[in-house]
Amino acid sequence: MSAAPVQRYLDRRPDTDESYALLDFPDWRALAPLAATLRDTGWGRHVSYSRKVFVPLTQLCRDVCHYCTFAQTPRRLEKAFLTVEDVLDIARRGAAAGCKEVLFTLGDKPEARYAQAREALAHSGHSSTLSYLKEVAAKVLEQTGLLPHLNPGLMSQTDFALLRPVAPSMGIMLETASERLSEPGGPHFGSPDKIPARRLETIRIAGEMRVPLTTGILIGIGETRRERIDALLALRDLADRFDHIQEIIVQNFRAKPGTKMHAAPEPSMDELCWTVAVARLILGSEMSIQAPPNLYSGDLTDLIRAGINDWGGVSPVTPDHVNPEAPWPHLERLAAETERAGHVLVERLTVYPRFIEARRAWIDPALHRHVLRLSDSAGLARPGEWAPGVAQPASEDDERDVRRSAGATVSERIARAVDRALSGEQLDESGIVALFSARGGDFAHVCEAADRLRKSVVGDIVSYVVTRNINYTNICLHRCGFCAFSKGKAHEALRGLPYLVELPEIARRVREAWARGATEVCMQGGIHPSFTGETYLAICRAAKEAVPQIHVHAFSPLEVTHGARTLGLSVRAFLQELQAAGLSSLPGTAAEILDDEIRREICPDKVSTQEWLDVVGAAHELGLATTSTIMFGHLEGYEHWARHLLRLRAQQLRTGGFTEFVPLPFVHMEAPLYLKGLARKGPALREAILMHAVARLALHPHFRNIQASWVKLGPRWAQETLRAGANDLGGTLMNESISRAAGAAHGQELSPPRMEELIRALGRTPLQRTTLYKRASAERHARAWNPPALAEPVAAKVSGRVANLA
């Protein structure tokens, strides 16, 4: 068979006959280029691993595989099962080392063979190993947060139903499809749980029970190459039928002293690479194919060349109990070897991203909060401990994730997308998603390109505005799942009491802001049940009467829509009324994610995507500038971020009027969505920085200003975004309620001297600006640098009553 026909596998997977025809290619190097191309098509430059601890819950097993040293007899063990405390101790050490997964390894149903196993289980209050496994896994989950991955062997529907609520993924190795190897003299003789038909039946049942499953083959135990292809085709058939196999492991046999196969020849590394390449061609681009790095004695880059996209589980804490003679490679070495192959090492969870995205179908609801807590917005593992609004410093894992290493490789796809953006060309959704997926050298390239673009557009000036936030009520009719600020019957348990800031106090705060150098007041609040359009008009008049020179930056598109509806006016007519009352510009808040798929989940009774765009469009047409925002990192994905940016770009092309783009990372601590286990902990640090960089690129040349929210990011990481495309630090605030209500440690005030200190530390030039990006007057600047102390703000507590400002 010539090499040419194999090229068709780029377009479709081989049929059965074509799969067996791969036997005509004895050298894996002939297949590697095609296998690597298929891998890159499905997985890009990412090669993943799971940071985990291994827990040998019991080494008793009713099987007697002739190559195994994991299974032991009772007389060789101190105890039949690890205790709950034994397991929790291992899990806690893993959690302290940054692990996300606990892999339970155990023998098949030892109670069917050993009285000691039955007695130990009875002493623990259980009749089966699986029942005890469920208890231990549940305690690990609740007490350490590590996600259990279970490998208990053959299981029935009842068994899967028992364990599914405590494990987002499970596993069973097929090992081989050859019945011959279970015959006398074979490695599986005397092992009833290794009969291929029984293992395939368990894999089938896992599909019926919608359990994300890891499986694979073991090579070098006496099977032929053709029998390996038999096994791969059997697994492919089940994967096609149920779509539940998340990864297939290609593992090589290692001979071990003390076993019947201690003198059996081990497969060569070329043999392993051949099997990996054939598996990639047979299984296609989308299947995750894994090879354990600790069992490979050659150049690790060969496995990447052969088509793997995953290294499997690697533990910084525990050994490989099945192959204790083979230590795990240090993660730094694994990252370096992966980089040497032109790829980037990324950490994943025990359950793969596509199952997290479709978690309602694939993961038990009891596990959603645990999975989301550990995942980033791509469904991969969230590194470190940093989260928006959290005061504690970033961990080493966080810092490593955003480190820009000199000389790291950049993928062709990222380089091409960046070049297109720099030229002002509009990227498509997939191109923007690729930029958000950037890691390693790609991450550095995106950030540095955005920073160069920033310099070419706005120079080295970093601006800020002296403003006061006046959040005049936290009472709201809406039930937005991300909001910890609003109060109402659905939000009574959240932080703080309901309040209303009345007109005299609004006027006093405006006068005080002016005395402290402010050029702007930013006024927003909840949708109070008694508010009408007249309320918003009265707020405007109160502010302008207090200080006629003040710029009134007020009312989200939601508030504008509400005010118009209550007065029976069109949005345009109501905006004209607000203009006449003193409104100068609108904050582009209430945008959240401009995609109705997500809005239905997080704010179902709020304005739709099109309604939001219609309000800002009408404002622009009337000469009212607006900002634009995104609130990201809760339950949406990169594709939703991309659509949001594309819709803002299109709106700017239609009407102009956006002064800036402001990324607002989701602050999770007190948010109802998070407390209910329905949201992540905000974006990862890398994602938060990338949002500014990608926005600079994707919105170019139609947006001039990208603002960093120091309230959400904290001063240090807001400063870092200034090295990744941002050019504005937003407002000094004086008072801020919304982020603080969500649990943010930052937000009360960042003084002008502190703003300028942060800016000058980067070698940039600070500029106190106005709302519309003009230089603030010298008089305003002098006042801002020598402000009087703030008086204690006054707000009427209105719990149990309704008040009206108008």
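Quick notes on this structure:
- Out of H668, H644, sole residue that is within 30 Å of A358 (Cα to Cα) and open to solvent by less than 10 Å² (accessible area, probe 1.4 Å): H644
- Segment 378-390 - residue that is within 19 Å of T721 (Cα to Cα) and among the hydrophobic types (A, V, I, L, M, F, W, C) and, of those, surrounded by the fewest Cβ atoms within 10 Å (Cβ to Cβ): V390
- Considering only residues in segment 332-352 that are in contact with a strand residue (DSSP E or B) (Cβ under 8 Å, 6 or more places away or on another chain) and in a helix (DSSP H, G or I), the one that is farthest from M170 (Cα to Cα) turns out to be E339.
- Qualifying helices (runs of 4 or more DSSP H) (wholly inside segment 638-702; at least 3 residues being touching a strand residue (DSSP E or B) at 6+ places or on another chain (Cβ under 7 Å)): 638-655, 685-698
- Test: residue in segment 101-111 that is touching a residue at least 12 places away in the same chain (Cβ under 8 Å) and over 20 Å from L163 (Cβ atoms): no
- In the condition set (1) of a type outside the set (D, E); (2) at positive phi; (3) open to solvent by 20 Å² or more (accessible area, probe 1.4 Å), R541 is compliant with all but (2).
- Sole exception among (1) in contact with an Asp or Glu (Cβ under 9 Å, 6 or more places away or on another chain); (2) at pLDDT 95 or above; (3) β-branched (V, I, T); (4) closer than 22 Å to N471 by Cα for I602, by number: (2)
- Some residue of segment 362-371 being under 25 Å from L150 (Cβ atoms), among the basic types (K, R) and open to solvent by 40 Å² or more (accessible area, probe 1.4 Å): yes
- Residues that are open to solvent by 30 Å² or more (accessible area, probe 1.4 Å) and on the phi > 0 side of the Ramachandran plot within segment 552-578 comprise just one, G568.
- Restricting attention to segment 762-785, the residues being in contact (Cβ under 8 Å) with a residue 12 or more places away in the chain and open to solvent by 80 Å² or more (accessible area, probe 1.4 Å) number 3.
- Only residues that are surrounded by fewer than 24 Cβ atoms within 10 Å (Cβ to Cβ) and closer than 20 Å to L758 by Cβ were counted across segment 468-479, and they come to 0.
- Taken together, S437, S375, S423 contain a single residue that is surrounded by fewer than 16 Cβ atoms within 10 Å (Cβ to Cβ) and either small (G, A, S) or without any contact (Cβ under 8 Å) to a residue 60 or more places away in the chain (or both), which is S423.
- Qualifying position, being modelled with pLDDT of 95 or more and open to solvent by 10 Å² or more (accessible area, probe 1.4 Å), among Q524, Q549: Q549
- Filtered residues of segment 97-136 (kept if touching a His at 6+ places or on another chain (Cβ under 9 Å), open to solvent by less than 10 Å² (accessible area, probe 1.4 Å) and modelled with pLDDT under 95): none
- On the stretch given as segment 608-626, residues that are open to solvent by less than 10 Å² (accessible area, probe 1.4 Å) and outside any helix (DSSP H, G or I) total 2.
- Conditions (1) touching a residue at least 24 places away in the same chain (Cβ under 8 Å); (2) under 22 Å from G222 (Cα atoms); (3) touching a Lys or Arg at 6+ places or on another chain (Cβ under 8 Å); number of the one not met by A291: (3)
- Selection from segment 248-273 of residues that are open to solvent by less than 10 Å² (accessible area, probe 1.4 Å), modelled with pLDDT of 95 or more and out of contact with any helix residue (DSSP H, G or I) (no Cβ under 7 Å at 6 or more places or on another chain): L272
- Taking the conditions (1) modelled with pLDDT under 95; (2) under 30 Å from G379 (Cα atoms) in turn, Y472 satisfies each one other than (2).
- Counted residues, segment 239-296 - those being of a type in the set (D, E, K, R) and part of a strand (DSSP E or B): 1
- Enumeration of residues in segment 456-467 that are open to solvent by less than 30 Å² (accessible area, probe 1.4 Å) and outside any helix (DSSP H, G or I): G459, V462, S463, Y464, V465, V466, T467
- Those residues of segment 80-89 which are in a helix (DSSP H, G or I), open to solvent by 20 Å² or more (accessible area, probe 1.4 Å) and touching a residue at least 24 places away in the same chain (Cβ under 8 Å), in sequence order: V84
- Residues of segment 49-69 that are out of contact with any Ser or Thr (no Cβ under 7 Å at 6 or more places or on another chain), within 25 Å of G186 (Cβ to Cβ) and surrounded by 21 or more Cβ atoms within 10 Å (Cβ to Cβ): Q59, L60, C61.
The values are calculated or read from the model by the stated rules, or taken from the named source; none is laboratory data. Being a predicted model, the structure only gives us computed values, none of them experimental. No Cβ is skipped: glycine too gets one built from the backbone with ideal geometry, and neighbour counts run over all protein chains shown. Surface accessibility is based on the protein's heavy atoms, side chains included, excluding ligands, DNA and RNA. Shrake-Rupley method; radii C 1.70, N 1.55, O 1.52, S 1.80 Å.
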